[in-house]
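S.K.: Here you go, one structure.
The values are calculated or read from the model by the stated rules, or taken from the named source; none is laboratory data. It should be emphasised that the depicted structure is a prediction, and the values quoted were computed from it without experimental measurement. When we count neighbours, we look across all protein chains shown, and the Cβ atoms used for this are built from the backbone with ideal geometry, even at glycine. Just so you know, the surface numbers come from the protein's heavy atoms only, side chains and all, with ligands and any DNA or RNA stripped out. Shrake-Rupley method; radii C 1.70, N 1.55, O 1.52, S 1.80 Å.
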Number of protein chains: 6
Amino acid sequence: MAKTRDKTRTKTRDRARKAKTIAEKRKDPTKRSPAASARAAHDDKEVMALKLKPAPLSSAMADLFKLCEEKLGFVPNVFKAFSFDMAKLEGFVGYRNSVMQGESGLSKVEQEMIATAVSTQNRCYYCVTSHGSAVRGLSGDPILGEQIATNYRAADLDKRQRAMLDFAVKLTVEPWTVEESDREGLRKVGFSDRDIWDIAAIAGFFNMTNRITSAIDMRPNSQYHAMGR
Amino acid sequence: MAKTRDKTRTKTRDRARKAKTIAEKRKDPTKRSPAASARAAHDDKEVMALKLKPAPLSSAMADLFKLCEEKLGFVPNVFKAFSFDMAKLEGFVGYRNSVMQGESGLSKVEQEMIATAVSTQNRCYYCVTSHGSAVRGLSGDPILGEQIATNYRAADLDKRQRAMLDFAVKLTVEPWTVEESDREGLRKVGFSDRDIWDIAAIAGFFNMTNRITSAIDMRPNSQYHAMGR
Amino acid sequence: MAKTRDKTRTKTRDRARKAKTIAEKRKDPTKRSPAASARAAHDDKEVMALKLKPAPLSSAMADLFKLCEEKLGFVPNVFKAFSFDMAKLEGFVGYRNSVMQGESGLSKVEQEMIATAVSTQNRCYYCVTSHGSAVRGLSGDPILGEQIATNYRAADLDKRQRAMLDFAVKLTVEPWTVEESDREGLRKVGFSDRDIWDIAAIAGFFNMTNRITSAIDMRPNSQYHAMGR
Amino acid sequence: MAKTRDKTRTKTRDRARKAKTIAEKRKDPTKRSPAASARAAHDDKEVMALKLKPAPLSSAMADLFKLCEEKLGFVPNVFKAFSFDMAKLEGFVGYRNSVMQGESGLSKVEQEMIATAVSTQNRCYYCVTSHGSAVRGLSGDPILGEQIATNYRAADLDKRQRAMLDFAVKLTVEPWTVEESDREGLRKVGFSDRDIWDIAAIAGFFNMTNRITSAIDMRPNSQYHAMGR
Amino acid sequence: MAKTRDKTRTKTRDRARKAKTIAEKRKDPTKRSPAASARAAHDDKEVMALKLKPAPLSSAMADLFKLCEEKLGFVPNVFKAFSFDMAKLEGFVGYRNSVMQGESGLSKVEQEMIATAVSTQNRCYYCVTSHGSAVRGLSGDPILGEQIATNYRAADLDKRQRAMLDFAVKLTVEPWTVEESDREGLRKVGFSDRDIWDIAAIAGFFNMTNRITSAIDMRPNSQYHAMGR
Amino acid sequence: MAKTRDKTRTKTRDRARKAKTIAEKRKDPTKRSPAASARAAHDDKEVMALKLKPAPLSSAMADLFKLCEEKLGFVPNVFKAFSFDMAKLEGFVGYRNSVMQGESGLSKVEQEMIATAVSTQNRCYYCVTSHGSAVRGLSGDPILGEQIATNYRAADLDKRQRAMLDFAVKLTVEPWTVEESDREGLRKVGFSDRDIWDIAAIAGFFNMTNRITSAIDMRPNSQYHAMGR
């Protein structure tokens, strides 16, 4: 498959290499250049590097896909990737919902900030793209999204959010060194034990998805790039 | 809470420090020394470092706990830890089952080898203990379990299993460097794309649980230590 | 100064934390939310964390600043940061021009791809922002810019550009391991010794600026974020 | 030699792969499964990956080997590995005794805890196996042994032992960063300068043996696995 | 070219391998052994691994080269390496002078200590050699030079110089973690914001040159080795 | 003690800081500057950071010390450091001799190259100083000594010596990844299994001494710095 993909994009690249001076400013930002269109089309069509045939959607999953189309305008590729096996897709969606959609002392933006900071640490293209867009969208602040997606230490966060991301990133890089003093640090800036669970669960969740998407080269839907700008 | 735990074990430690010569061989291996008993009792009672009150078990989860008692003799602490919120427990159990219990080209031992190698890389006490015991039990070979739990490169594996663990550990350490050539490496030793999914999904899953358990200091049930020896 | 900055932004953050559901889509993307406006205003005004008084611009530097205003609409903060000392500003600008603006076998996009990949490796907020925008603008392909700014391995590059970025990133991470075989690798995909100089010089240059900007918390002009989208 | 080893164990592995359900509990833990027997036999017979012919034992070394047989039931493979040259074996044994058997402010268990924590950091199969068994045996607490052999931070240690292992592991990972403040940290929890010497000497010693055994693939005698359980 | 170099030195190496006992002390330290002479001749003649033809020197650069010959007795190879393009050489020299030769609150020795500590961290043969010699020469203390060139933590520095090198090395290893607290640390030991700029600029500069010289295998002039001893 | 040392050297440092221009060339290289003299005197007098009282020398050790004085002009501080306990000193000397002085397929220079390359990797001031001097002395080539003490990859080594140092340094950095293929690599360039033992034993030995000397801040005798130049 890799070869097929190479062929499809040869022209794209050739064009890109010819661009030697500052590109004339595109007048209409919603119109993509041919290079960008080709790249976007690829990511939207080839969901991942594994050839796994989609199974028929269960009725619950058909409902989910329909909802995505209505609310986002597209079905996130992560759902499409899992759809070769309904049990796996439903298991994943159920767990994700329990991690990201229950009651929480963390705001939605904070949850997405953890997702993005962890994914940036792991240099995960799919997750930085999709969750970076969520930080931009939920905060109404595209610059905050860029900062978390590059180096969260460059963002001007309050002590609480900073401690939250420091914990999540330490847990990502050296989980074996996390100890009571780290939990105490979170409690001192106001997090409850219940909140600590959520920080751990979200950081853990994206350490998982980062690895699955990297392992199979899952491609983010091209729409994410423009969302929340 | 940390302080309470410290007090409870002071005597244990004092005794341990006095032991200056090779301990007289314990005649009956099923009888633990007082030091070991205290340590085991702790791990079996204090499930994690967060104070979260268990919720009433849903009927499905009550069935699961009963089944665990019957088959293992105990309920794994990971289930107890999640039981402060039935939605989270059910979400976790459902996803875990979809990852670890469906049809797979990987044998059960191989799945547990991935779990253990990933957890060893992350130096996760809970998961090395519980899944190392599974490798011992499923393979009938305690030495194999020890090898995977120390350095899988020390085990005498065939090319297929070795490539599988190399991939899982690379994905654990530097997920951002995993590429088509790594997937090709797996295909060359006989793994299908469907198998690659499972390797990725299992490696990802334990990169998640390793971090959750480290974040909250989840303690492995003491029974795991003796299983499969 | 740090304290002053903290006070200025408290309101911004409070607002961000309240956002608990998906933000209503902003109708006009050119209008920033109040949170974003505050953040952008800060970056555009407080150039860096060091208090150094700008010196009067020399006539050459005044010309440069005027040119920037005309072509970009703003003077890049890196120039403002150096402007406390005309000798240092002129030294920097002169060297930068000799590295980035002479004749080269590398296209402009390729030069900016090196700048961005190196800066991403070093998680440098200023340089990823400014040079990521250049990749987007020069290639006419915003997705390519995002890919290089997250993990260049996720971009679909030809062998030549891939080898170029592999070399630049290896040189960034472990310069002491770069050897003749690495140079041979570049020659094999078509780079001349003169090209290798440029790859080395550009990768070296951004390893320098990444560290200067991180050391002094240099803030990227807010306009970069929207350029080339 | 590597090939010969591969052939010998092919059957073992094939059997292991077939095990698809939880192994029926072995009734008699002293009876190994065929897989385990084959693996154990290998480690007990092939001491290392280098082909070096044993020299005739000097009388002192013959006494040592006899003593080992009497007290342990076997001669540790590390002694067999060195026995191709009596001067080297005697030099090693003499130094080891001076490090591990003299008067010390550290208890025997503490010495073995350092040995195990260092060896775990270096993921050394031989040394984790043999010294992990010593921690189990000397403390009478198999769980403590498992904790040190996985992640010493998971063990409930007093401040003194914790500082001791923190120092030993820092010295293992980044010796160049150890400074007066680290020594002061040991003094504060009660260690004398003489104790600090011992901690350093033991940590240093196992950083050596870890590397020798990894370099030559020294195999631990199979008996270690069952000791102290 | 690499092959040519190999052939030239074969004899040198053969001789070196024969040296089996402590070399008779050379009576006259200014006379090099044949092995050393061959090695020195190589480094003085083959400036780098890239084949780039020197351009005619501009009059300013001819003056610089003449000055070097007069003051040092040789033209540093770094200048020779850049001399294939006068614009690049002049750009480099101009920037270097602005970084290293302007007014500064740092003494010359301190500037060279930063250069050497950074280059040692990056294991850069050219820069450790040339700037280590400068530390020796400027301080009149060869031992200090050796210490900085091996591990600056081994030198007995005052708090100010120690903080300066800690900052420079942290900036070298993990620039993304440098923050306000690090700058505050420098201010506390007496550095002004202007001094912090210089520390950052010098550390940045050598992170650049280290990478350029490693990328092209730039060889230090042999004279550096003896200077300041 | 640390404080006492600080006081003793204050003047030294103050003087060093005043040196603001290139030091006038010292006419007689054998005469040290006052700064250098103070530094050297310290290292020669204060052997280590631990206060351990020397024990009376056994007759064998008295002979060794006398021999050192005769052949080197001084007793290496490593021997003085161990001399608080004759059993430990004799154990160390005996083992060292068995590693470094027996028959070997490695030349003396090669043995010292391993010692120096390993010590440089570990940034060990004592060992780089003492063994770097041995490489200079034994090879008659001070430049080779500098190269190994900075980055052995910068030295122009033959394939055999290069493979030897690659193995030793890999064993130093990531011993857990060393495998049969690494040993095969050594065999391919001509090393016997007996030679591999020596490479492993020497690399292991210096991984030990590097850590002991770092742990106790052992200072190299000042004479080493001038030897073999």
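S.K.: Using just the C-alpha positions of the protein assembly as shown as equal point scatterers, what log10 of I(q)/I(0) does the Debye formula give at each q in 0.09 1/Å?
M.R.: -1.36
S.K.: While we're on this one: Please work out the Cα center distance from segment A:44-82 to segment B:127-190, rounded to the nearest Å.
M.R.: Measuring centre to centre over Cα atoms gives 31 Å.
S.K.: Once the Cα atoms of helix B:108-121 and of chain B are each reduced to a long axis, what angle between those two axes, in degrees from 0 to 90 to the nearest 10, is obtained?
M.R.: Compared with the principal axis, the helix lies near 70 degrees.
S.K.: Ignoring ligands, DNA and RNA, what percent of the accessible area of chain B is carbon or sulfur (1.4 Å)?
M.R.: Details: 4890 of 8870 Å².
Roughly 55 percent of what the probe reaches on chain B is carbon or sulfur.
S.K.: Sticking with this structure for a sec: Could you tell me the extents of chain D's C-alpha atoms along the three principal axes, largest first, rounded to whole Å?
M.R.: Answer, in whole Å and largest first: 56, 48, 33 Å.
S.K.: Kindly provide the helix-only [θ] at 222 nm of chain D, computed as the sum of -39,500 (n - 2.57) over DSSP H runs of four or more divided by all residues, to the nearest 500 deg cm²/dmol? Walk me through the intermediate numbers first.
M.R.: Details: 13 runs with 152 residues, N = 229.
After summing the helix terms and dividing by the residues of chain D, the value is -20500 deg cm²/dmol.
S.K.: I want to verify a result. In a Gaussian network model of chain D, Cα cutoff 10 Å, which of these has the top mean-square fluctuation: D:Ala49, D:Ala36, D:Ala155?
M.R.: Among D:Ala49, D:Ala36, D:Ala155, the largest mean-square fluctuation in the Gaussian network model of chain D belongs to D:Ala36.
S.K.: While we're here: Given a 1.4 Å probe, how much area per residue of segment F:175-229 is accessible, in Å²? Don't skip to the answer; put the middle values down first.
M.R.: Working: 1330 Å² over 55 residues.
Normalised by residue count, the accessible surface of segment F:175-229 is 24 Å².
S.K.: Every other copy gets compared here: list the nm distances from the B:Thr177 label point (7 Å along Cα to Cβ) to its counterparts, shortest first, one decimal.
M.R.: With the label placed 7 Å along Cα→Cβ, B:Thr177 yields 0.6, 0.6, 1.9, 2.0, 2.0 nm.
S.K.: Below 15 angstrom from the Cβ of C:Leu67, what's the summed charge of the other residues (Lys, Arg +1; Asp, Glu -1)? Don't skip to the answer; put the middle values down first.
M.R.: On the way: positive: C:Lys66, C:Lys71, C:Lys80, C:Arg96; negative: C:Asp63, C:Glu69, C:Glu70, C:Glu90.
That works out to 0.
S.K.: Chain pair B, A: how much accessible area is buried, both chains summed, with a 1.4 Å probe, in Å² to 100?
M.R.: 4000 Å²
S.K.: Follow-up question, since we're still on this one. If the rule is a partner Cβ under 4.7 Å, which cysteines in chain A fail it?
M.R.: Here A:Cys68 come out as lacking a disulfide-compatible partner, given the Cβ-Cβ threshold of under 4.7 Å.
S.K.: Compute the label-point distances linking C:Lys188 to its equivalents in the other copies; points lie 7 Å from Cα along Cα→Cβ; give nm, one decimal, shortest first.
M.R.: Output for C:Lys188: 1.4, 1.4, 5.1, 5.3, 5.3 nm, nearest copy listed first.
S.K.: Per residue, how much space in cubic angstrom lies within the convex hull of the C-alpha atoms of segment B:134-229?
M.R.: Numbers: hull volume 10.7 nm³, N = 96.
Taking the convex hull of the Cα positions in segment B:134-229, it is 112 Å³ per residue.
S.K.: From largest to smallest, what semi-axes in whole angstrom does segment D:44-145 give when each is the square root of 5 times an eigenvalue of its alpha carbon gyration tensor? Could you put the intermediate results ahead of the total?
M.R.: Values: eigenvalues 124, 53, 35 Å².
Those come to 25, 16, 13 Å.
S.K.: If you take every residue apart from A:Met208 with its C-beta less than 11 Å away from the C-beta of A:Met208, what net charge results, scoring Lys and Arg +1 and Asp and Glu -1?
M.R.: On the way: positive: A:Arg96, A:Arg211, B:Arg211; negative: none.
With Lys, Arg at +1 and Asp, Glu at -1, the neighbours total +3.
S.K.: Nearest 10 degrees, 0 to 90: what angle lies between the long axis of helix D:193-216 and the longest principal axis of chain D (Cα atoms)?
M.R.: 30 degrees
S.K.: For the cross-link pairs A:Lys51/B:Lys188; F:Lys53/F:Lys170; E:Lys45/F:Lys170, which exceed 27 Å when the distance is taken from alpha carbon to alpha carbon? Write out the running numbers ahead of the final one.
M.R.: Values: A:Lys51/B:Lys188 16 Å; F:Lys53/F:Lys170 38 Å; E:Lys45/F:Lys170 32 Å.
In this structure, F:Lys53/F:Lys170; E:Lys45/F:Lys170 lie more than 27 Å apart at Cα.
S.K.: Which residue is it, in chain C, whose C-beta lies closest to the C-to-A rotation axis, and what is that distance in whole Å?
M.R.: For the rotation taking chain C to chain A, the closest Cβ gives C:Arg229, 3.
S.K.: Another one. Would you please classify the overall shape of segment C:105-163 from the alpha carbon gyration tensor, given that a ≥ b ≥ c denote the square roots of the eigenvalues, rounded means a/c under 1.5, and beyond that prolate means a/b larger than b/c while oblate covers the rest?
M.R.: It comes out rounded by the Cα gyration axes.
S.K.: Put the label 7 Å from Cα along Cα→Cβ for E:Ala60; what are its distances to the other copies, in nanometres, shortest first?
M.R.: So the label point of E:Ala60 gives 0.6, 7.0, 7.3, 7.3, 7.5 nm to the other copies.
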